[in-house]
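Data first, discussion second: the structure below is written as structure tokens.
FYI, it's all coordinate maths here, none of it is from the lab. The structure displayed is predicted, hence computed values, not measured ones. A quick note on method: Cβ atoms are made from the backbone with ideal geometry, for glycine too, and the neighbour counts reach across all protein chains shown.
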């Protein structure tokens, strides 16, 4: 094997290409430690040492650091690691590592997301947001079924945030409220029903 190219990423790290293919990113100190130079051969044992002791270890540490800041879905964490130029096997290893400790759990994430958003977002908004986060359709449906209250209840809570007395709302303010709820993803029919039967909830 041969180090065919070393491409600078920034002042601290560079991409390393081996036999013409991207291998990994190393820092300045790593190049000194492993004595890597463009055009030099690299032994298989050194290559494996770099992967196990440096790349895989850093990928796991990076995954933990990302999750320490905030909860993520598997898809989000994978994208974050890929953005940091970790190779696929390192990303897979890091994902498996944090999964083994239940630091990421898409089912738990989806249920928590629905639970905390159900009073401020419509079903459509929540489902769309979860799909963007890479949650599967099956897990979204399961979370919605377990955690989401009726849309009528959610609409009522939003109405309560906007006004204290529905019956005294001026026509223009009622229209503004309806438009607001429609933009949240609720159907016009359900909004009208909730406004007309507000005291029955």
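Counting only residues that are under 29 Å from the mean Cα position of the chain (by Cα) and either over 24 Å from residue 115 (Cα atoms) or free of Cβ contacts under 8 Å to residues at least 24 places away in the same chain (or both), region 162-186 holds 3 of them. Would you check which residues across region 107-117 are surrounded by fewer than 21 Cβ atoms within 10 Å (Cβ to Cβ) and touching a helix residue (DSSP H, G or I) at 6+ places or on another chain (Cβ under 8 Å) and list them? Scanning region 107-117 gives 107, 111, 115, 117. Picking from residues in region 76-104 that are closer than 15 Å to residue 66 by Cβ and outside any helix (DSSP H, G or I), the one that is nearest to the chain's Cα centre (by Cα) is 104.
The single condition among (1) under 30 Å from residue 186 (Cβ atoms); (2) crowded, with 19+ Cβ neighbours inside 10 Å that residue 104 does not meet is (1). Going through (1) within 29 Å of the chain's Cα centre (by Cα); (2) outside any helix (DSSP H, G or I); (3) free of Cβ contacts under 8 Å to residues at least 40 places away in the same chain one by one, residue 51 falls short only on (2). For region 170-201, a tally of residues being outside any helix (DSSP H, G or I), in contact with a helix residue (DSSP H, G or I) (Cβ under 7 Å, 6 or more places away or on another chain) and surrounded by 14 or more Cβ atoms within 10 Å (Cβ to Cβ) returns 3.
Name the residues in region 7-22 that are touching a helix residue (DSSP H, G or I) at 6+ places or on another chain (Cβ under 8 Å) and within 15 Å of residue 47 (Cα to Cα), would you? Of everything in region 7-22, just one residue is touching a helix residue (DSSP H, G or I) at 6+ places or on another chain (Cβ under 8 Å) and within 15 Å of residue 47 (Cα to Cα), namely 18.
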